[in-house]
1. What residues qualify as long-range amide H neighbours of Ile212, i.e. H under 5 Å apart, gap of 5 or more or another chain, H built at 1.01 Å from N?
2. In whole Hz and in residue order, list the ³J(HN,Hα) couplings for segment 138-149 that follow from phi through the Karplus curve 6.51 cos²θ - 1.76 cosθ + 1.60, θ = phi - 60°; x for Gly and Pro.
3. According to a simple spin-label model (label point 7 Å from Cα along Cα-to-Cβ), what is the distance in nm between Asp87 and Cys193?
4. I need the peptides 85-91, 213-219 ranked by packing, meaning the mean over residues of other C-beta atoms within 10 angstrom, with the highest value on top.
5. Points 7 angstrom from Cα along the Cβ direction at Asp185 and Phe216: gap in nanometres?
6. For segment 114-228, with only Lys/Arg (+1) and Asp/Glu (-1) charged at the beta-carbon, what is the dipole magnitude about the Cα centre, in debye rounded to 20?
7. Taking a ≥ b ≥ c as the square roots of the Cα gyration tensor eigenvalues, with a/c under 1.5 meaning rounded and otherwise prolate when a/b beats b/c, else oblate, which class fits segment 73-205?
8. Based on the Cβ-Cβ distance from Met203 to Lys152, what FRET efficiency comes out when R0 is 30 Å, to the nearest 0.05?
Amino acid sequence: MRYLSEEKKKTWRKFIESKEQIPTFSKLIREAVEFYIENSLFSNDLDIEQNYLALKQHLTVVKGALDFLLKEYSEQLGDVVLNIIRDAFDQSLLIESQIRTIEDKTQDTENIDLFCIEDTPGTMKLLRIISKAKEITFKGASTGQIALEIIKKITPKLILMDIMLPDINGFELCKSIKNDEELRDIPVYYMSCMQEDKIKERMEDTNADGYILKPFEYDDIAKLIDEYIPLDRYPKIKN
């Protein structure tokens, strides 16, 4: 708990208080996962791959903590507690195997036109709607780390990214993309509420291709799509 933000601590306490009795630690894990899927990082507005990557990040903490307890404190724990922790650890391995099954199914390179890195669900949904109206393929990510994992698999035609992301600063994320030989030719545009002069100061050293200021208009996005993803070069998506 000491490593969590106050907001996450409050959310966790709210979850605990809503459960009068949880007989096993493994059931706690299952119910906690369901709770976060409904109320936290997971969203129906995002694709399956992004959701499983977010789940994978949380599972890493749970599995690692259980493994640590088993290897460092097994002799100090009673048989009942030890069996509960072992059962929970086995459950985490099962969840991990299911995640890897999903991962194996998403290994094929996709033909994605527009890739958006944005942590605001409303903006993500709007860009998805615009993409559908322009008849192009769309994919999104809400964090920089997840975005980097996905981009290498799909090589999109155009990337739009917010600068104020929850993990990696957008400027640093853009530099990582532009420093990668396989990704550097992908056009990257910032879209941000940040002051325009501050964005301009970072254009050269991050090698970004341009920027859009929020709140943006439909034409701002449409012009970029028409420039980098002309419909006569790529097949239209099926409704």
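1. Tyr190, Met191, Ser192
2. Coupling constants for segment 138-149: 9, 8, x, 9, 9, 9, x, 5, 5, 4, 4, 5 Hz.
3. In this crude spin-label approximation the distance works out to 4.7 nm.
4. Values: 85-91: 18.3, 213-219: 11.9.
Taking the mean over residues of other Cβ atoms within 10 Å, the ranking is 85-91, 213-219.
5. Rounded to a tenth, the inter-label distance reads 2.3 nm.
6. On the way: 16 positive and 22 negative charges, 86 e Å.
Roughly 420 debye for segment 114-228.
7. prolate
8. Details: r = 24 Å, r/R0 = 0.80.
Calculated value: 0.80.
Bear in mind that the values in this text are calculations on the coordinates, not laboratory data. Given the structure is predicted, the values throughout are model-derived calculations rather than measurements. Methodologically, a virtual Cβ is constructed for each residue, glycine included, from the backbone with ideal geometry; neighbour enumeration extends over all protein chains shown.
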